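The values are calculated or read from the model by the stated rules, or taken from the named source; none is laboratory data. Because the structure is predicted, anything quoted here is derived from the model rather than measured. Cβ placement follows ideal geometry from the backbone for every residue including glycine, while neighbour counts extend to all protein chains displayed. Side chains are part of the model used for accessible areas, which takes the heavy atoms of the whole protein and leaves out ligands, DNA and RNA. Shrake-Rupley method; radii C 1.70, N 1.55, O 1.52, S 1.80 Å.
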Amino acid sequence: MKELQEIPVWIWIILAVVLLLQGTWLFRDARDRGQGRKAWFWGIWGLTGAPSPAVCYLLFVVLPDKRKRKAGRSR
């Protein structure tokens, strides 16, 4: 437990800011993409760690949405 006390306060502040920004971005982008209730899931998960939620969001929401839009345009 002493290891956590050795970490400078500014690192904790940066970590908190990164997690808040990531959670907010995931929530707002999911809501704008019409994810409905899933937007809350993405936002809350984004607050728990970085960068795993953002990477999963890009792989499972953004890329399929981009492919779907591209396929719709080519028809």
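Some values worked out for this structure:
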| quantity | calculated |
| --- | --- |
| Cross-link partners of Lys38 among aspartates and glutamates (Cα-Cα below 12 Å; sequence separation of 8 or more within a chain) | Asp29 |
| Mean Kyte hydropathy of 1.0 or more with a Cα span along the axis of at least 15 Å, helices from DSSP in the chain | 9-32 |
| Surface share of carbon and sulfur [accessible, 1.4 angstrom probe, percent] for the chain | 66 |
| Cα→Cβ-extended label distance, 7 Å offset, between Leu59 and Leu4, nm | 2.9 |
| Stretch gain in nm, segment Leu21-Lys66, where the contour uses 0.36 nm per residue and the Cα spacing is subtracted | 13.9 nm |
| Scattering curve values for the chain, log₁₀ I(q)/I(0), Debye with Cα scatterers, q = 0.25 Å⁻¹ | -1.06 |
| By average C-beta atoms within 10 angstrom, highest first, the peptides 62-70, 22-30, 46-54 | 22-30, 46-54, 62-70 |
| Label-point separation in nm, Ile14 to Phe41, each point 7 Å along Cα→Cβ | 3.3 |
| Projected label distance in nm at Arg31 and Arg73, using a 7 Å step from Cα toward the beta-carbon | 2.7 |
